[in-house]
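Read-outs throughout are calculated quantities, based only on the coordinates presented, and are distinct from any laboratory measurement. None of the values given here were measured: they were computed from a predicted structure. Here the Cβ positions follow ideal geometry from the backbone for every residue, glycine too, while neighbour counts run over all protein chains shown.
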Amino acid sequence: MQFRLSKVSLCPGITKYFRTPDFYNFVVSFFMIVVRDIHKSFGELNVLKGISLEIREAEIVSIVGASGAGKSTLLHIMGTLDKADSGFIEIDGARVDGLSDKKISEFRNKHIGFVFQFHHLLPEFTAIENVCIPGFIKGGSRKETVDKAKELMDILGLTPRLNHKPSELSGGEQQRVAIARALINDPGVILADEPSGNLDSNSAMELHKLFFRLREQFRQTYVIVTHNTELAGMADRKLTIRDGVIIN
Ligand code: ADP
Ligand code: MG
């Protein structure tokens with residue numbers, strides 16, 4: 001019988017390595033993201049009122065809910081861009097709430113890729129320069145980063161557009177550049193906030209299919225906020241936020 005070292009999250013905050021027979025790897029699932037009892041208010045407005053969820057490695061989860069329900073707030077907290085008032089977040093076995101700001105930005109740069117509705121590409125840089133920036137910040141070698149960017153952009157069908165500025169690209173191309181930028185440091189987790197919100201329906205469908213192709217290839221975990229019910233339904237699991245909690 002084959003044995004191997006498995007990383008197992010027994011319960012939130014406790015991640016252990018076990019020697020397990022291969023068989024048990026089918027039974028034991030490792031949670032890539034664990035969120036426990038997150039509360040968040042802005043002044044008098046209680047936006048998140050005790051959100052708990054677990055997301056498995058290489059799972060694609062969509063989050064839906066009315067405008068103002070707190071989807072972006074939750075995504076930002078899961079992505080360490082914002083802090084919860086209370087509660088607990090574990091990503092890839094590491095507790096991230098409570099880390100210092102410096103440690104959090106290092107962690108984020110290595111482990112989490114973001115894709116937003118508005119791509120936030122830097123207009124004065126070319127597509128490939130935009131993709132490389134997080135790699136340079138991480139301190140990777142220039143050549144390795146550029147080679148990796150070219151490879152990713154090839155997978156995303158962007159090879160003919162490497163040296164174009166964002167203003168010279170279509171909405172769909174800009175969003176694919178933003179995805180390549182999110183993937184450059186091989187993060188385990190991709191958080192996408194209305195990634196197709198600004199695209200026509202064909203490009204939106206293409207973009208969502210792309211997430212599935214990338215998951216097959218790179219095995220990242222995806223959390224995708226979308227108001228598009230058809231696209232949300234394509235996910236492995238759909239979570240709905242209402243009145244500050246997840247109702248399913
Ligand atoms: P969603 O993404 O589901 O549309 P958000 O998470 O952006 O909703 O916002 C949830 C609620 O919190 C909204 O009522 C919004 O106005 C409010 N909100 C979000 N961010 C802030 C902030 N920085 N300051 C004050 N209120 C905020
Ligand atoms: Mg939002």
(message) Which trypsin sites (Lys or Arg not before Pro) in segment 125-222 sit in a loop by DSSP (not H, G, I, E or B) and have at most 16 other Cβ atoms within 10 Å of their own Cβ?
(response) Arg219
(message) Can you work out the Karplus-derived ³J(HN,Hα) for every residue in segment 33-42? Use 6.51 cos²θ - 1.76 cosθ + 1.60 with θ = phi - 60°, whole Hz, and x for glycine or proline.
(response) 10, 10, 10, 10, 6, 7, 10, 8, 10, 10
(request) Pull out the extension gain between Lys238 and Gln217, defined as 0.36 nm times the separation in residues minus the alpha carbon to alpha carbon distance; nm, one decimal. (result) 5.4 nm
(request) Counting other beta carbons within 10 Å of each Cβ, put Glu206, Glu44 in order, fewest first. (result) Glu44, Glu206
(message) Given the chain, report the % of alpha carbon pairs whose separation exceeds 34 Å.
(response) 18
(request) Among the GluC sites (Glu not before Pro) in segment 114-165, which ones are in a DSSP loop with at most 15 other Cβ atoms within 10 Å of the Cβ? Mind listing them? (result) Glu124
(message) List the pairs from Lys103/Lys138; Lys83/Lys238; Lys71/Lys209; Lys40/Lys71; Lys71/Lys103; Lys103/Lys143 whose alpha-carbon separation is above 18 Å, in the order I gave them.
(response) Lys83/Lys238; Lys71/Lys209; Lys71/Lys103; Lys103/Lys143
